[in-house]
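Encoded as structure tokens, the structure appears first; notes follow it.
The values are calculated or read from the model by the stated rules, or taken from the named source; none is laboratory data. In this text the structure is predicted, and so the values were computed from the model without any measurement. Quick reminder, even Gly has a Cβ in these numbers, built from the backbone with ideal geometry, and neighbours come from all protein chains shown. Accessible surface is based on the protein model in full, side chains and every heavy atom, while ligands, DNA and RNA are left aside. Shrake-Rupley method; radii C 1.70, N 1.55, O 1.52, S 1.80 Å.
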Amino acid sequence: MPEKTLAESSRAQAAAIAHGAASPRRWWILAVIAVAQLMVVLDATIVNIALPSAQTDLGFSDGSRQWIVTAYALAFASLLLLGGRIADLFGRKPAFLAGVVGFAAASALGGAANGFTMLVVARALQGAFGALLAPAALSLLNTTFTDARERARAFSVYGAIAGAGGAVGLLLGGVLTDALDWRWTLYVNVVIAVVAFAGGWILLGSHRDAADAKLDVPGTVLVATGLFALVYGFSNAETHDWDSPLTWGFLIAGGVLLAAFAWWQTKAAHPLLPLRILLDRDRAASFLAVLITGAGMFGVFLFLTYYLQLNLGFSPTKTGLAFLPMVGALMVTAQVATTVLLPRIGPKVVIPLGFAIATAGMAWLTGIGLDSHYLSAVLPQLVLTGVGLGMVMPPAMQLATSGVAAEDAGVASATVNAMQQVGGSIGTALLNTLAASAATDYLAGRDATDRVAGAQATIESYTTAFWWSAVFFGAGAVLAFVLHRRGVPAQDAGAAPVVHM
């Protein structure tokens, strides 16, 4: 071998990385992160399509069905900030690997469930380990790519997965349920986790950027209980009236606890969420954009899934395939938005424009009817919405974690994920309530047993949800335009300059 041995070469490479050079394995690391992120995002929707089969197999009631979804959301949302801080304090590689293993084990438990309780516990455990895995993955991405151009490309991939993963989950859930069994919508995570764990073990290095800090226990308790109460309150709005104490009581409690958390962060010696992360104007606007996107996207996936299956007669697999053009449009636009548009014209134009396009897509989708066809009444609208979301989600995620110091990368990444999850929970509750009210209003004064009237009532519920999704996206366009700074964002040369891989 030449004079420089393999060991010397590895030491030289490590030294270069420690001084801020880009990791030579960064694109492989991106692939590993993308696989892990896909596993977490898929699980938000992949189980939904399998729910009817699981319900028949395990024999639980319609009223209990929502907890299969809610258990995951509650654990994931309430523990995200803790998971992000753990990654900062104890190292991103250990957090990443522990999250992958735990998520896989919980998925295997859910797949083997012999009853409702076991399945709910498994879903809650999935959410808990997902709350550790998701921020670790995003913060690894944030600290791996230091070159502005490469960083934009990496975030376009990550953002596209975050935005389109729900639709991919619908497709995969349909295929697995049709071809195998509902349990494989959970078992598939074990297969994905093996790839993610092997890649993470080989490629990632261990480093603690906030090794000298301590865990903020009071802050952790306040934010975890606050987010739990908030998501639980909105979840209860689906099965209870808004005037039920189980709805407004938990929403008020969540608001009070989160306000107390914000106050405590100004006093804590080692705050769980340093307020400097939230006070940057572009970053705060990006957090808000992710929240609004999460709320509005629910209208695309859930209600359109109902329409395609119940009204157009699509199978689960065909329903998933119907979303693929939207996924393709989102992924292509994500690349253009993050690598071309954002560096040239800035977020004040790109993100509001994306929201405006998504608003037009959702408003156009309200034209569906009982006799509509997918190719004319759904496909163009889906593609347009995908183009709009591709201009919002990836750039917003990039800006939300840009300029963050290395020791705060985990918790900043967790905040992004928390915004998406809480937004989805809010969208779930609000759109479900509004859709149900629209159906009830339509049937008032009509024969509820009439088949045509009942079918038209469901169309009214879908279009109401689509209109409100359009309202969410329209509000996002206005807020993004008002809050984002003019011009191209400055590159964060001093933020997280050292890559520890």
Per residue and in Å³, how big is the convex hull formed by the alpha-carbon atoms of the stretch 285-333?
72
In whole Hz and in residue order, list the ³J(HN,Hα) couplings for the stretch 70-76 that follow from phi through the Karplus curve 6.51 cos²θ - 1.76 cosθ + 1.60, θ = phi - 60°; x for Gly and Pro.
5, 4, 5, 5, 4, 5, 5
Per-residue accessible area, 1.4 Å probe, largest first, puts Thr117, Thr293, Thr317 in the order Thr117, Thr317, Thr293
For the ranges 48-55, 92-99, what's the packing order if you count other beta-carbon atoms within 10 Å of each residue, average per peptide, and put the highest first?
92-99, 48-55
Whose amide H sits under 5 Å from the amide H of Gly403, counting only residues 5 or more places off or on another chain, with H placed in the peptide plane?
Asp492
Tell me, what HN-Hα J-couplings in whole Hz come from the Karplus equation 6.51 cos²θ - 1.76 cosθ + 1.60 at θ = phi - 60° for each residue of the stretch 357-373, using x for Gly and Pro?
5, 5, 4, 4, x, 5, 5, 5, 5, 5, x, 5, x, 5, 10, 6, 10
So for R0 = 25 Å, FRET eff. of Val488-Ala284 from the Cβ-Cβ r, to 0.05, ends up at 0.85
Classify the stretch 287-443 from the C-alpha gyration tensor, please: rounded if a/c falls under 1.5, else prolate or oblate depending on whether a/b exceeds b/c.
prolate
Length gained, Asp447-His240, 0.36 nm per residue minus C-alpha separation, equals 72.0 nm
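If I stretch the segment between Ala260 and Ala179 completely, what's the gain in nm (0.36 nm per residue apart, minus their alpha carbon distance), one decimal? Walk me through the numbers on the way to the answer.
Details: separation 81, 0.36 × 81 = 29.16 nm, distance 4.96 nm.
Residue separation times 0.36 nm, minus the Cα-Cα distance, leaves 24.2 nm.
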Per residue, how much accessible surface does the stretch 286-344 expose to a 1.4 Å probe? Answer in Å², no decimals.
33
Highest mean first, how do 436-447, 380-391 rank when packing is the count of other Cβ atoms within 10 Å averaged over residues?
380-391, 436-447
Quick one: which of 281-290, 303-312 comes out on top by average Cβ neighbours within 10 Å, and what's the full order, highest first?
281-290, 303-312
Derived scalar couplings ³J(HN,Hα) [the stretch 470-477; Karplus, 6.51 cos²θ - 1.76 cosθ + 1.60; whole Hz; x for Gly, Pro]
4, 5, 4, 5, x, 4, x, 4
Expected unfolding gain across Val478-Val340 under the 0.36 nm per residue rule, minus the alpha-carbon gap, is 47.4 nm
Using only alpha-carbon positions, what ratio does the radius of gyration of the stretch 98-147 give when scaled by 2.2 N^0.38 Å?
1.44
Not counting ligands, DNA or RNA, and with a 1.4 Å probe, what is Ser315's accessible surface area in Å² rounded to the nearest 10?
50
